[in-house]
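Before any comments, here is the structure.
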Amino acid sequence: MLSKNLSIFAKVLRFIFDMQRYKFRTRFSLISSGKNSEEKQIHLVCTLDGNEVFYYSKFRVHPDNFIKETVKLQNSTVRVQQVKKNTFNKAGEPAGRINARLRELENAAQTVYEKHYSSQTGKLFDKDEFRQLLQIELNEDSISIPAGKELFDIYEEYIRLAKVTENRKRHYRSDLKRLREYAKRKNITLTEKNFDPVEYKSFLRDLVSENTAVCILKRIRAFFNFAKNEIRCFETTPFDNFKFSDKLGIELYAEPVCMTREELTLLYTTKYPNKDDELCRDMFCLQAAFGCRVSDFVRLTYNNIQSDQLIYYPSKTSEYANKVVVPLSNRAKEIMKKYKKTGPNNLIMPFLHSTDYNEQLKTVFRIAGLDRTVIQYSRDEKKEKFYKLYELASSHLARRTFVDILCQAGEPIHVVASMSGHSEHSKAFDRYRRRPEQLQKDAVSRSMD
């Protein structure tokens, strides 16, 4: 009798086990791709047979822009995970595109489960098999690199397949070109085993700045990780056995140089002896009123002006179609009225060439008496360096000044970012802003005096 009861009990346990064995669910998880990474990778997580399978969505997002909530329906509750509407990630990819990808992944995973696992409770579950089936369902089969391919061949394939902007691919091609030069100089066939990131950084420092060298090495690390984890060409990478920041450093940016509102007004009201200096001055003041990059500024026409607003799509991020709208200030209207119909091809004004513009700005600033001392830190010399503001004058100063004046005035960050074409959590946008000087003065006055 006891034996019979045990047998029935075992069957019940087996039935419960089989019922739960292939209980399938999907969710999304944000995973950091680096210790100091502001954005996180979005991974699909499929749970099957008590095992979790991770599949990278190819998108990143700031955690503040990722929604996790439970919605109550009539007879059930549904967990909703998606990117906030009307937001963009650092790469400029819109929420709609990312959410469409997430739904595609969920649907493909459910299809794989129903086709291959829902009625096969006795089948042993294999993570790699599930991942391969998901790749097939998504038409994203694993990349196959023929045996014997050299590192540079793999790198070229990586560039071809990378789902990034054309601008980012140009960076990849430049990285590959430098690696070829490095290998030629050392007279070696470069491999994952003889590539020394620390030595390569020394090579780069003769060509680029410290920050640029760090950025290049981060991109090269991403390639090696791809070759190791995605296509399994390498068993190890040259970056595996040390902490990146300890050996190769981090990006450090000096506090941005910006003009105050008073300095910008002084520049605008200064009288100049010749028309070229006056044009250069007006160009700068108009650019500072628009907040755009010089590459966009010199192509703007009156077609971009609609209902007292500047409307354009930044050329640097044209792949993402991120529209920028900037209401026209009174100063902007004054300058545009002064030059109306003088620019060729309906351009807003008769622009100087960007190279001449940057050179002449230093003279224009000096004539205006913009000689405030600016203190910057030299990473190479490891000490402060002192400059006059006119020595640092450039077209990019106009863009930084636009952002800084609005931020110093206490305007909402997301509003300022929308007019400069940055995402709210962009590191680049954060570098455009100085410390809140008035708040610092108020704090000392309130607490120390």
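The values are calculated or read from the model by the stated rules, or taken from the named source; none is laboratory data. Keep in mind that what you see is a predicted model, and the values were worked out from it rather than measured. Please note: Cβ atoms are built from the backbone with ideal geometry, for glycine as well, and neighbour counts cover all protein chains shown. Accessible surface areas use protein heavy atoms only, side chains included; no ligands, DNA or RNA. Shrake-Rupley method; radii C 1.70, N 1.55, O 1.52, S 1.80 Å.
What to note about this one:
- Solvent-accessible surface of region 297-357, averaged per residue with a 1.4 angstrom probe and all protein chains in place: 57 square angstrom.
- These residues, VAL326, VAL80, go from largest to smallest accessible area, 1.4 Å probe, as VAL80, VAL326.
- When ARG221, ARG25 are compared by accessible surface with a 1.4 Å probe, the order from highest to lowest is ARG25, ARG221.
- Surface share of carbon and sulfur [accessible, 1.4 angstrom probe, percent] for region 213-323: 47
- Averaged over its residues, region 183-231 has an accessible area of 50 Å² per residue, based on protein heavy atoms and a 1.4 Å probe.
- Sequence ranges 342-348, 286-292, 443-449, ranked by mean other-Cβ count within 10 angstrom, highest first: 286-292, 342-348, 443-449
- R0 of 51 Å, Cβ-Cβ distance GLU114-PHE386: FRET efficiency to nearest 0.05: 0.15
- Residue (of TYR182, CYS233, LEU248) at the positive-pole extreme of region 146-251, dipole from beta-carbon charges: TYR182
- Cα gyration tensor category, rounded, prolate or oblate, for region 359-417 with a/c compared to 1.5: oblate
- Cα gyration tensor category, rounded, prolate or oblate, for region 264-419 with a/c compared to 1.5: oblate
- For region 197-226 versus region 336-354, the gap between their alpha-carbon centres in whole angstrom: 42
- Computed from backbone phi, the HN-Hα couplings of region 444-449 come to 5, 4, 6, 9, 9, 8 Hz, rounded to whole numbers (Karplus: 6.51 cos²θ - 1.76 cosθ + 1.60, θ = phi - 60°; Gly and Pro given as x).
- Proximal lysines to LYS362, defined as alpha-carbon separation beneath 17 angstrom and excluding residues fewer than eight positions away on the same chain: LYS271, LYS275, LYS388
- For region 349-362, putting each phi into the Karplus relation 6.51 cos²θ - 1.76 cosθ + 1.60 with θ = phi - 60° gives couplings of 7, x, 5, 6, 4, 4, 5, 4, 4, 5, 5, 6, 4, 4 Hz, in residue order, rounded to whole numbers and with x for Gly and Pro.
- In a fully extended conformation the segment linking ARG173 and ASP356 would gain 62.9 nm over its present Cα-Cα distance, using 0.36 nm per residue.
- For region 40-51, putting each phi into the Karplus relation 6.51 cos²θ - 1.76 cosθ + 1.60 with θ = phi - 60° gives couplings of 10, 6, 9, 10, 6, 10, 9, 9, 8, 6, x, 10 Hz, in residue order, rounded to whole numbers and with x for Gly and Pro.
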